[in-house]
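The values are calculated or read from the model by the stated rules, or taken from the named source; none is laboratory data. Nothing here was measured: the structure is a model prediction, and the numbers come from that model. Glycine gets a Cβ as well: all are built from the backbone with ideal geometry, and neighbour counts include every protein chain shown. Accessible surface areas use protein heavy atoms only, side chains included; no ligands, DNA or RNA. Shrake-Rupley method; radii C 1.70, N 1.55, O 1.52, S 1.80 Å.
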Amino acid sequence: RTQAVRAAQETRYYAHLFERLDLEPDRLRFEEIARLPTTPKEELREDPGAFVRRTTLPCFGTTTTGTTNKPTSIYFSAHEMRTYIALAAIGLLSANRIDESDIVQLSTSSRATLGNTCFAGACARIGALVYLAGLLEPLRTLALLAEEHRVPGKKSKVSYMGTYASYLGELVECGLQHGYGPADFGLERIAVGGELVSEALKERARRLFGPVEVHDDYGMTET
(Lines give C-alpha, C1' and ligand atoms only; values in the text may rest on other atoms or scores of the structure.)
Protein backbone atom coordinates (compact mmCIF):
# COMPACT_ATOMS: atom_id res chain seq x y z
CA ARG A 1 0.00 0.00 0.00
CA THR A 2 2.81 2.38 0.87
CA GLN A 3 4.45 1.79 -2.49
CA ALA A 4 1.11 2.05 -4.31
CA VAL A 5 0.22 5.35 -2.63
CA ARG A 6 3.65 6.77 -3.35
CA ALA A 7 3.48 5.69 -7.00
CA ALA A 8 -0.01 7.11 -7.52
CA GLN A 9 0.80 10.41 -5.80
CA GLU A 10 4.17 11.01 -7.41
CA THR A 11 3.94 9.70 -10.99
CA ARG A 12 1.49 10.31 -13.82
CA TYR A 13 1.69 6.74 -15.07
CA TYR A 14 0.57 5.07 -11.86
CA ALA A 15 -1.98 7.73 -11.04
CA HIS A 16 -3.70 6.98 -14.35
CA LEU A 17 -3.21 3.22 -13.93
CA PHE A 18 -4.96 3.03 -10.55
CA GLU A 19 -7.74 5.27 -11.85
CA ARG A 20 -8.23 3.09 -14.90
CA LEU A 21 -8.33 -0.09 -12.79
CA ASP A 22 -10.65 1.56 -10.27
CA LEU A 23 -8.34 0.66 -7.39
CA GLU A 24 -7.66 2.77 -4.30
CA PRO A 25 -3.92 2.58 -3.51
CA ASP A 26 -4.38 3.25 0.23
CA ARG A 27 -6.94 0.43 0.48
CA LEU A 28 -5.25 -2.05 -1.83
CA ARG A 29 -5.94 -5.67 -0.79
CA PHE A 30 -3.54 -8.52 -1.31
CA GLU A 31 -5.71 -10.24 -3.92
CA GLU A 32 -5.97 -6.99 -5.90
CA ILE A 33 -2.22 -6.89 -6.49
CA ALA A 34 -2.73 -9.52 -9.20
CA ARG A 35 -4.80 -6.97 -11.13
CA LEU A 36 -1.77 -4.71 -11.53
CA PRO A 37 -0.31 -5.42 -14.97
CA THR A 38 3.36 -5.58 -15.86
CA THR A 39 4.57 -2.37 -17.47
CA PRO A 40 4.61 -2.55 -21.29
CA LYS A 41 7.81 -1.25 -22.86
CA GLU A 42 5.65 0.82 -25.24
CA GLU A 43 4.32 2.88 -22.31
CA LEU A 44 7.83 3.71 -21.10
CA ARG A 45 9.08 4.31 -24.64
CA GLU A 46 6.30 6.74 -25.55
CA ASP A 47 6.24 8.76 -22.31
CA PRO A 48 9.31 8.23 -20.07
CA GLY A 49 8.48 11.39 -18.12
CA ALA A 50 5.31 9.74 -16.80
CA PHE A 51 7.50 7.48 -14.64
CA VAL A 52 9.54 10.28 -13.05
CA ARG A 53 8.57 11.15 -9.47
CA ARG A 54 7.27 14.68 -8.98
CA THR A 55 9.42 15.06 -5.86
CA THR A 56 12.71 14.29 -7.59
CA LEU A 57 14.90 16.26 -9.98
CA PRO A 58 16.09 14.25 -12.99
CA CYS A 59 19.58 15.27 -14.14
CA PHE A 60 20.60 12.54 -16.57
CA GLY A 61 18.80 10.95 -19.49
CA THR A 62 19.88 7.97 -21.54
CA THR A 63 18.48 5.52 -24.07
CA THR A 64 18.92 1.84 -24.75
CA THR A 65 21.53 1.17 -27.44
CA GLY A 66 20.47 -2.26 -28.70
CA THR A 67 16.84 -1.50 -29.51
CA THR A 68 15.63 -1.69 -33.09
CA ASN A 69 13.38 1.20 -34.13
CA LYS A 70 12.82 3.85 -31.44
CA PRO A 71 15.06 3.40 -28.35
CA THR A 72 13.68 3.43 -24.82
CA SER A 73 14.55 6.46 -22.67
CA ILE A 74 15.13 6.52 -18.92
CA TYR A 75 15.77 9.46 -16.57
CA PHE A 76 17.91 9.39 -13.42
CA SER A 77 18.36 11.73 -10.48
CA ALA A 78 21.73 12.99 -9.24
CA HIS A 79 21.32 10.79 -6.16
CA GLU A 80 20.78 7.70 -8.31
CA MET A 81 23.82 8.47 -10.45
CA ARG A 82 26.03 9.01 -7.39
CA THR A 83 24.77 5.72 -5.95
CA TYR A 84 25.42 3.75 -9.16
CA ILE A 85 28.94 5.19 -9.44
CA ALA A 86 29.72 4.41 -5.79
CA LEU A 87 28.44 0.84 -6.11
CA ALA A 88 30.45 0.35 -9.31
CA ALA A 89 33.60 1.59 -7.56
CA ILE A 90 33.00 -0.73 -4.61
CA GLY A 91 32.49 -3.66 -6.99
CA LEU A 92 35.67 -2.96 -8.95
CA LEU A 93 37.71 -2.55 -5.78
CA SER A 94 36.23 -5.64 -4.12
CA ALA A 95 37.06 -7.74 -7.18
CA ASN A 96 40.57 -6.24 -7.30
CA ARG A 97 40.04 -5.29 -10.94
CA ILE A 98 41.22 -1.67 -10.97
CA ASP A 99 43.46 0.45 -8.76
CA GLU A 100 44.89 3.97 -8.92
CA SER A 101 47.84 2.90 -11.10
CA ASP A 102 45.67 1.65 -13.98
CA ILE A 103 45.11 3.31 -17.34
CA VAL A 104 41.66 2.32 -18.55
CA GLN A 105 40.45 2.43 -22.15
CA LEU A 106 36.74 2.22 -22.92
CA SER A 107 36.31 0.85 -26.43
CA THR A 108 32.52 0.97 -26.29
CA SER A 109 29.74 2.81 -28.07
CA SER A 110 29.53 6.51 -27.24
CA ARG A 111 25.75 6.00 -27.06
CA ALA A 112 26.13 3.66 -24.06
CA THR A 113 26.02 6.73 -21.86
CA LEU A 114 24.77 5.16 -18.62
CA GLY A 115 27.37 2.39 -18.58
CA ASN A 116 30.17 4.70 -19.71
CA THR A 117 29.28 7.44 -17.22
CA CYS A 118 29.00 5.08 -14.25
CA PHE A 119 32.16 3.17 -15.13
CA ALA A 120 34.20 6.31 -15.78
CA GLY A 121 32.88 7.80 -12.54
CA ALA A 122 33.87 4.66 -10.64
CA CYS A 123 37.39 4.83 -12.11
CA ALA A 124 37.62 8.47 -11.03
CA ARG A 125 36.61 7.53 -7.47
CA ILE A 126 39.29 4.83 -7.43
CA GLY A 127 41.89 7.16 -8.91
CA ALA A 128 42.48 5.35 -12.19
CA LEU A 129 43.01 7.24 -15.46
CA VAL A 130 40.18 6.53 -17.90
CA TYR A 131 39.37 7.67 -21.42
CA LEU A 132 36.63 6.85 -23.91
CA ALA A 133 38.24 5.71 -27.14
CA GLY A 134 34.98 4.55 -28.71
CA LEU A 135 34.66 2.05 -31.54
CA LEU A 136 37.43 3.19 -33.86
CA GLU A 137 38.98 1.45 -36.85
CA PRO A 138 40.76 -1.55 -35.23
CA LEU A 139 44.29 -0.48 -36.21
CA ARG A 140 43.80 2.85 -34.48
CA THR A 141 42.57 1.15 -31.31
CA LEU A 142 45.55 -1.20 -31.35
CA ALA A 143 47.87 1.81 -31.67
CA LEU A 144 46.20 3.39 -28.63
CA LEU A 145 46.66 0.19 -26.64
CA ALA A 146 50.34 0.01 -27.62
CA GLU A 147 51.05 3.69 -26.94
CA GLU A 148 53.57 4.55 -24.20
CA HIS A 149 52.34 6.89 -21.43
CA ARG A 150 54.48 8.88 -19.05
CA VAL A 151 51.93 9.89 -16.45
CA PRO A 152 53.22 10.01 -12.85
CA GLY A 153 51.86 7.16 -10.75
CA LYS A 154 50.33 5.32 -13.73
CA LYS A 155 51.35 2.25 -15.66
CA SER A 156 53.18 2.85 -18.93
CA LYS A 157 50.43 1.43 -21.17
CA VAL A 158 46.71 0.77 -21.09
CA SER A 159 46.23 -1.96 -18.50
CA TYR A 160 42.44 -2.40 -18.57
CA MET A 161 40.07 -2.31 -21.54
CA GLY A 162 36.30 -2.52 -21.64
CA THR A 163 34.71 -3.54 -24.96
CA TYR A 164 32.33 -5.94 -26.74
CA ALA A 165 33.04 -9.50 -27.86
CA SER A 166 32.51 -8.75 -31.55
CA TYR A 167 34.87 -5.75 -31.43
CA LEU A 168 37.46 -7.74 -29.46
CA GLY A 169 37.29 -10.33 -32.26
CA GLU A 170 38.02 -7.59 -34.81
CA LEU A 171 40.99 -6.36 -32.75
CA VAL A 172 42.43 -9.85 -32.43
CA GLU A 173 42.06 -10.63 -36.13
CA CYS A 174 43.52 -7.27 -37.19
CA GLY A 175 46.35 -7.34 -34.63
CA LEU A 176 47.56 -10.81 -35.55
CA GLN A 177 47.40 -9.96 -39.27
CA HIS A 178 49.56 -6.87 -38.75
CA GLY A 179 52.23 -8.55 -36.64
CA TYR A 180 51.26 -7.30 -33.20
CA GLY A 181 52.12 -9.50 -30.23
CA PRO A 182 52.19 -9.58 -26.41
CA ALA A 183 55.40 -7.52 -26.26
CA ASP A 184 53.56 -4.55 -27.80
CA PHE A 185 50.94 -4.23 -25.06
CA GLY A 186 50.55 -3.80 -21.32
CA LEU A 187 46.99 -5.09 -21.03
CA GLU A 188 46.29 -7.05 -17.86
CA ARG A 189 42.50 -7.28 -17.91
CA ILE A 190 39.77 -7.08 -20.54
CA ALA A 191 36.12 -6.68 -19.53
CA VAL A 192 33.74 -7.86 -22.24
CA GLY A 193 30.11 -6.80 -21.92
CA GLY A 194 26.95 -6.53 -23.99
CA GLU A 195 27.59 -9.79 -25.82
CA LEU A 196 28.62 -13.29 -24.81
CA VAL A 197 32.33 -14.04 -25.28
CA SER A 198 33.47 -17.52 -26.30
CA GLU A 199 36.34 -19.45 -24.75
CA ALA A 200 37.92 -19.64 -28.21
CA LEU A 201 37.97 -15.84 -28.49
CA LYS A 202 39.55 -15.58 -25.05
CA GLU A 203 42.34 -17.90 -26.15
CA ARG A 204 42.90 -15.96 -29.39
CA ALA A 205 42.99 -12.72 -27.39
CA ARG A 206 45.80 -14.13 -25.25
CA ARG A 207 47.80 -14.93 -28.41
CA LEU A 208 47.69 -11.21 -29.21
CA PHE A 209 47.78 -9.53 -25.80
CA GLY A 210 49.52 -12.12 -23.62
CA PRO A 211 48.17 -13.72 -20.40
CA VAL A 212 45.31 -11.26 -19.86
CA GLU A 213 42.34 -11.90 -17.59
CA VAL A 214 39.09 -11.77 -19.57
CA HIS A 215 36.00 -10.90 -17.55
CA ASP A 216 32.67 -11.76 -19.15
CA ASP A 217 30.38 -9.03 -17.77
CA TYR A 218 27.26 -9.76 -19.80
CA GLY A 219 24.54 -7.20 -19.20
CA MET A 220 21.46 -5.75 -20.84
CA THR A 221 20.06 -2.24 -20.54
CA GLU A 222 16.82 -3.64 -22.01
CA THR A 223 15.92 -5.27 -18.70
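To check you understand DSSP bridge types, tell me what percent of the beta bridges within the chain (both residues inside) are antiparallel, rounded to 5.
Counting only bridges with both partners in the chain, antiparallel ones make up about 25 percent.
Of the labelled options [x] 24, 23, 16; [y] 43, 19, 15; [z] 41, 19, 17, which one gives semi-axes √(5λ) of the Cα gyration tensor in Å as computed for this structure?
The listed entry that was calculated here is [y].
Placing +1 on the Cβ of each Lys and Arg and -1 on the Cβ of each Asp and Glu in the chain, which of Ala191, Cys123, Tyr164 has its Cα farthest towards the positive end of the resulting dipole?
Farthest towards the positive pole: Cys123.
Where nothing but the Cβ of Lys and Arg (+1) and of Asp and Glu (-1) is charged, how large is the charge dipole of the chain around its Cα centre, in debye to the nearest 20?
Roughly 440 debye for the chain.
Are there trypsin sites (Lys or Arg not before Pro) in region 115-178 that DSSP marks as loop and that have at most 12 other Cβ atoms within 10 Å, and which are they?
The qualifying sites are Arg150.
Pull out the extension gain between Asp216 and Val5, defined as 0.36 nm times the separation in residues minus the alpha carbon to alpha carbon distance; nm, one decimal.
This chain segment gains 71.9 nm when fully extended.
Starting from the Cα gyration tensor of region 32-162, take the square roots of the eigenvalues, sort them a ≥ b ≥ c, and report rounded, prolate or oblate (rounded when a/c is under 1.5, otherwise prolate if a/b is larger than b/c, else oblate).
Prolate, since a/c reaches 1.5 and a/b exceeds b/c.
Calculate, for region 95-185, the solvent-accessible area per residue in square angstrom, rolling a 1.4 angstrom probe over the heavy atoms of the protein chains.
Value for region 95-185: 45 Å² per residue.
Can you figure out the FRET efficiency of Thr113 with Asp26, using R₀ = 45 Å and their beta-carbon distance, to the nearest 0.05?
0.75
Nothing charged except the Cβ atoms of Lys and Arg (+1) and of Asp and Glu (-1): what's the magnitude of the dipole of region 35-125 about its Cα centre? Round to the nearest 20 debye.
260
For Ala191, list long-range residues whose amide hydrogen, built 1.01 Å from N in the peptide plane, is under 5 Å from its own amide hydrogen.
Correct list: Met161, Gly162, Thr163, His215.
Within region 133-184, report the GluC sites (Glu not before Pro) that DSSP leaves as loop and that have at most 11 other Cβ atoms within 10 Å.
Glu148
Count charges around Glu10 for me, please; just the other residues with Cβ under 11 Å from its Cβ, Lys/Arg as +1, Asp/Glu as -1.
So the environment of Glu10 carries a net charge of +4.
Mind giving me the nanometre distance, one decimal, between the label points for Thr55 and Glu173, set 7 Å out from Cα along Cα→Cβ?
Going from the Thr55 label point to the Glu173 one covers 5.4 nm.
Would you work out which of Ala86, Ile103, Gly181 lies farthest towards the positive end of the dipole of the chain? Charges go on Cβ: Lys and Arg +1, Asp and Glu -1.
Looking along the dipole axis, the top candidate is Ala86.
Using label points projected 7 Å from each Cα along Cα→Cβ, tell me how many nm separate Ala34 and Ser73, to one decimal.
3.8
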